[in-house]
Amino acid sequence: MLLVITPSAKALGSVQAIQQITLEETHVAATSSQALARLRAQEYVAVLIDQACMETEPVESDMVLEHIGTAVPAHVNFAINGMDRVAHELRANLLRNERQILLVRQEVQQALRNELKGTITALLLSCEMALKVPDLQSEAKNRMRSVHELAREIRLKLEDPV
């Protein structure tokens, strides 16, 4: 779902074109207060903010930006830009956001892998040391070997996540 924030009557015709191009349901807010109400009621994929609105209501526009959540902001000028340009800006912002999310996800996965590798190594060492304890009961040894084998399997999956 998209939200278009613009006081421009001309832009209202553009909203239908945006909806057809993106195949996303599109809502319109003529003022920042209307936009805030919509943002509180719905989650949006992207919020297109008319630069005219930002210039006439700078404080309110900042409040809108604080409340967009995970929506991608796209600043457009409906007064001078045609639909092709608006659609291009929207697509570019959405693609940039997707790339950023992918990079963050990869960084988090790598950090988690690195953290788990250290824990798994400690677990493997503890198991190996426990298995060397003299007079360890056979049932305890069998369980320790099982834990050791599971830890080795986890380590292999961490090294080759595919």
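The values are calculated or read from the model by the stated rules, or taken from the named source; none is laboratory data. These numbers were taken from a predicted model, which means no experiment stands behind them. FYI the Cβ positions are ideal-geometry reconstructions off the backbone, even for glycines, and counts take in every protein chain you see.
Scanning segment 95-146 for residues that are polar (S, T, N, Q) and without any contact (Cβ under 8 Å) to a residue 40 or more places away in the chain turns up Asn97, Gln100, Gln106, Gln110, Asn114, Thr119, Thr121, Ser126, Gln137, Ser138, Asn142, Ser146. Looking at segment 24-33, can you tell me whether even one residue there is over 21 Å from the mean Cα position of the chain (by Cα), modelled with pLDDT of 80 or more and in a helix (DSSP H, G or I)? Yes - at least one qualifying residue is present in segment 24-33. The residue pairs whose first member lies in segment 56-73 and is buried (at least 18 other Cβ atoms within 10 Å of the Cβ), whose second member is at pLDDT below 85 and not hydroxyl-bearing (Ser, Thr, Tyr), and whose beta carbons are closer than 7 Å, counting only pairs six or more residues apart or on different chains, are Ser61/Cys53; Ser61/Met54. Scan segment 44-67 for residues that are aliphatic (A, V, I, L, M) and under 18 Å from Arg91 (Cβ atoms) and the total you get is 5. For Pro73, the conditions (1) outside the structural domain of Gln16 (by TED's automatic domain parsing); (2) of a type outside the set (Val, Ile, Thr); (3) under 17 Å from the mean Cα position of the chain (by Cα) all hold with the exception of (1). Restricting Ala92, Ala122 to residues that are modelled with pLDDT under 90, over 14 Å from Ser8 (Cα atoms) and surrounded by 11 or more Cβ atoms within 10 Å (Cβ to Cβ) narrows the list to Ala92.
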